[in-house]
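The structure under discussion appears below in the form of structure tokens.
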Amino acid sequence: PARHFDTRTTEPISFFLSGLEELLAWKPDSNDDFNVSAVPLAKRQPPLHSKRPRTLVCHDMRGGYLEDRFIQGSATRNPYVFYHWRYIDIFVYFSHHTVTIPPVCWTNAAHRNGVPVLGTFITEWTDGERLCEAFLAGGEEAYRAVSEQLARIAQHYHFDGWLVNIENMLSAAAVRNLPPFLRHLTAQVHRAVPGGLVIWYDSVLQNGALRWQNELNEENRVFFDACDGLFTNYNWKEEHLERTRGLAGPRHVDVYVGVDVFARGDVIGGGFDTDKSLRLIRQHGLSAAIFAPGWVYEHLGEENFLHNENKFWGLLAEYLPTHSICTLPLATSFNLGMGTSRFLAGKEEEAGPWYDLSAQEIQPLYPEREGRLSTSCCLQDAWCGGSSLRVQGTIPPGEERVAIRLFSLQMPAPPKLFLTLLYKLEGPRPDEFTVALELTTWDSGTCHEGDVTSLPAEPNGRHHPRFLPAPPPGLAKLLAACNRGSHGWTSRCYELDLQDCSLRDLSLLVSRHQPSPQEMPFTCLLGEVRVLDAASVAASPPQVQSLTASQLWWQ
């Protein structure tokens, strides 16, 4: 069927639903299998329901379903990718089709990085009025059928809920049923999807008029009260934020104040001035909804996209609380889900552009310190996949080393850890540097390195795992690359024994052999980092059962 497969190439594609009939007629179909997300939502800290202000990203690009609709990837040159997952809480895929089902590649990439994904249910213009009249004015049975279908769709495709956007006038009968519809939809989504969410966009008022309020007020509060959150329109001033904070009370983090990165209308700041808007939002303790950050790609062009993307998110970083990984194993080769070549074990296997967000791996923090440190994606060389992580910086005069924080962690440390690192030093004098990993733990009186008789860890909780020249017996296969790099990559394995500790940060440590009064610039490519719990590594993996293959098409 054309909905599930590209008519030109026969490849499986992601799709949307148009109109009420298509929504109500939808049912699971065997052709759907490609569209079901295979990646469960990773746990992270703090969880979404904590009382910390959140950051929602609403992705709206040229109508949606572009190259990202090809479920098994495409040969796209310079595609749009998002990878600052550590800095955000919720990802919304937006389009102007009635029912926007997020392309599965976005759900896979977001889930792998611990971020829930929402689709969009939108009605607009006169067609929207007719659609709303049909399902809202029609009474309880009609609107319950719609909310049950929306919940079923989210459950079936394994995404996490809906942004609801009613951008048309409503009759008195329709608007009367809107709060009960939202309540029912929210309850259905919560039941069908663990951690599911329904967020309302600031548009229609309780009297049915279409008037964007740019705040939470008595005119739209009834909809906020009926679901998990409100996404405000973009033309607010500081007094709107003050009133919103007062009215929202204990639910102030459930208000996502809209920021249009394209800066359309009368806004505080968009583009590279988006931080001005975020500063005000955070001063009032509210959450933020960053709309169309694809501005970086659409407005500034595809060529220098990765550089501009890092600049855009780097400017916002101080207003974006980051998230910690809270489960092991942690393993990543920093793949962005795109590339100009494909690499395996440091060797270029296939030249040519490719794009497949489902292949994106766990992404690190991207720390920037003006003039002192930058982290970015390197497409020219990689250990595995399409990219490595380039860390460029300087060791200041008189200092021996610098630590670059890659991941924030929050979990109890197992008694024994194995860590692996693949790296490549670039630049004129690579042999003047040593590269290693550093783990920090949260301060506590009980945390010890080694066994009970050994000394407590350094007072700041910094641990430098022991270098393993060869893999321990029984782990030769998993840690095969210990001290055996290839194609210019250096491979290192380490072990660390901890007692009663809680992991805090994983950092890259770049040291120089001789202290010097000069600053020393360095460039290091990271190909892969792994942090493994020794106990679970030693256990044999479960056997795969009942393997089947379907939908085969040989070319």
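The values are calculated or read from the model by the stated rules, or taken from the named source; none is laboratory data. What you are looking at is a predicted structure, and each value in this text was computed from that prediction instead of being measured. Ideal geometry is used to build each Cβ from the backbone, glycine not excepted, and the neighbour counts take in all protein chains shown. SASA here: full protein model, heavy atoms, side chains in, ligands and nucleic acids out. Shrake-Rupley method; radii C 1.70, N 1.55, O 1.52, S 1.80 Å.
Residue by residue, here is whether (1) closer than 30 Å to Ile13 by Cβ; (2) hydroxyl-bearing (Ser, Thr, Tyr) holds:
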{"residue": "Thr332", "(1), (2)": "yes, yes"}
{"residue": "Leu336", "(1), (2)": "yes, no"}
{"residue": "Phe343", "(1), (2)": "yes, no"}
{"residue": "Lys347", "(1), (2)": "no, no"}
{"residue": "Arg372", "(1), (2)": "no, no"}
{"residue": "Val391", "(1), (2)": "no, no"}
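Restricting attention to the range 11-23, and to residues there that are assigned to a loop (DSSP other than H, G, I, E, B) and open to solvent by 60 Å² or more (accessible area, probe 1.4 Å), which single residue is farthest from Val36 (Cα to Cα)?
To start, the set of residues in the range 11-23 that are assigned to a loop (DSSP other than H, G, I, E, B) comprises 11, 14-16, 18.
Next, from what is left, pick out any that are open to solvent by 60 Å² or more (accessible area, probe 1.4 Å): 11, 16.
On the way: Glu11: 15, Phe16: 14 Å.
Filtering first and then ranking leaves Glu11.
Residues in the range 295-304 include at least one that is open to solvent by 40 Å² or more (accessible area, probe 1.4 Å), assigned by the TED database to the domain that holds Met61 and of a type in the set (S, T, N, Q). Among the residues making up the range 530-555, those that are out of contact with any strand residue (DSSP E or B) (no Cβ under 6 Å at 6 or more places or on another chain) and hydrophobic (A, V, I, L, M, F, W, C) are Ala535, Val537, Ala538, Ala539, Val544, Leu547, Ala549, Leu552, Trp553, Trp554.
Here is a list: Pro515, Pro542, Pro521. Which entry is open to solvent by 30 Å² or more (accessible area, probe 1.4 Å) and not in a loop (DSSP other than H, G, I, E, B)? I'd like the intermediate steps shown before the answer.
Numbers: Pro515 fails: not in a loop (DSSP other than H, G, I, E, B); Pro542 fails: not in a loop (DSSP other than H, G, I, E, B).
Testing whether each residue is open to solvent by 30 Å² or more (accessible area, probe 1.4 Å) and not in a loop (DSSP other than H, G, I, E, B) leaves just Pro521.
Selection of first residues in the range 84-101 that are under 30 Å from Thr375 (Cβ atoms) and of second residues that are among the charged types (D, E, K, R), restricted to Cβ pairs under 7 Å at least 6 apart or on distinct chains, gives the following pairs, ordered by first then second residue: Asp89/Arg54; Ile90/Arg54; Phe94/Asp60. Of the candidates Leu170, Leu185, Leu230, the single residue that is touching a residue at least 12 places away in the same chain (Cβ under 8 Å), touching a strand residue (DSSP E or B) at 6+ places or on another chain (Cβ under 9 Å), in a helix (DSSP H, G or I) and not small (Gly, Ala, Ser) is Leu185.
Of everything listed in (1) buried (at least 21 other Cβ atoms within 10 Å of the Cβ); (2) more than 22 Å from Phe291 (Cα to Cα), the single unmet condition for Asp29 is (1). Residues that are in a helix (DSSP H, G or I) and within 30 Å of Gly128 (Cβ to Cβ): does the range 43-61 have at least one? No; the residues of the range 43-61 include none that is in a helix (DSSP H, G or I) and within 30 Å of Gly128 (Cβ to Cβ).
Screening Arg264, Arg245, Arg282 for residues that are basic (Lys, Arg) and without any contact (Cβ under 8 Å) to a residue 40 or more places away in the chain leaves exactly one candidate, Arg264. Of the residues making up the range 350-397, those that are under 24 Å from the mean Cα position of the chain (by Cα), β-branched (Val, Ile, Thr) and in a strand (DSSP E or B) are Thr375, Val391. Out of Gly64, Gly114, one residue alone is touching a helix residue (DSSP H, G or I) at 6+ places or on another chain (Cβ under 9 Å), crowded, with 17+ Cβ neighbours inside 10 Å, outside any helix (DSSP H, G or I) and not aromatic (Phe, Trp, Tyr). It is Gly114. For the range 328-337, the criterion of being in a loop (DSSP other than H, G, I, E, B), open to solvent by 10 Å² or more (accessible area, probe 1.4 Å) and in contact (Cβ under 8 Å) with a residue 60 or more places away in the chain is met by at least one residue.
Checking each residue in the range 338-371 for being of a type outside the set (Gly, Ala, Ser), open to solvent by 30 Å² or more (accessible area, probe 1.4 Å) and out of contact with any strand residue (DSSP E or B) (no Cβ under 6 Å at 6 or more places or on another chain) picks out Leu344, Lys347, Asp356, Arg369, Glu370. Could you tell me which residue of the range 188-211 is most open to solvent (accessible area, probe 1.4 Å), considering only residues that are in contact with a strand residue (DSSP E or B) (Cβ under 9 Å, 6 or more places away or on another chain) and in a loop (DSSP other than H, G, I, E, B)? Among those residues, the one meeting the criterion is Arg211.
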